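Working notes, structure below.
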């Protein structure tokens, strides 16, 4: 549950999910991943999650950025 709360907080703060597609990382590693990417030491992922191609995926992600709680996710 802690990871979900951190992810929701990250998204509501305007954060992106791109760094998460580079591998299994904790949200505490995001700043390091972003810095390495900006320096050109990390390349964008070659494979993206399939759920991003599903109809409505972008709209659902946009809703997450509005600051939903875990209870809001269950009710949706």
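The values are calculated or read from the model by the stated rules, or taken from the named source; none is laboratory data. Predicted model, so just to flag it, every value in this text is computed and none were measured. As a convention, Cβ positions derive from the backbone with ideal geometry for all residues, glycine included, and neighbour counts pool all protein chains shown.
Of all residues in the stretch 3-22, those satisfying the criterion of being within 13 Å of residue 37 (Cβ to Cβ) and in a helix (DSSP H, G or I) are 18, 19, 20, 21, 22. Screening 23, 40, 56, 15 for residues that are within 18 Å of residue 4 (Cα to Cα) and surrounded by fewer than 12 Cβ atoms within 10 Å (Cβ to Cβ) leaves exactly one candidate, 23. Within the stretch 57-76, residues that are at positive phi and touching a residue at least 12 places away in the same chain (Cβ under 8 Å) have Cβ atoms under 6 Å from residues that are surrounded by 12 or more Cβ atoms within 10 Å (Cβ to Cβ) and in a helix (DSSP H, G or I) in these pairs: 67/12, counting only partners at least 6 apart in sequence or on another chain. In the stretch 60-76, of all residues being within 14 Å of the chain's Cα centre (by Cα) and part of a helix (DSSP H, G or I), the one that is nearest to residue 20 (Cα to Cα) corresponds to 61.
Being modelled with pLDDT of 85 or more and part of a loop (DSSP other than H, G, I, E, B) is true of residue 47.
Scan the stretch 31-41 and give yes if some residue there is within 25 Å of residue 70 (Cα to Cα), in a helix (DSSP H, G or I) and under 11 Å from the mean Cα position of the chain (by Cα), otherwise no. No, the stretch 31-41 has no match at all.
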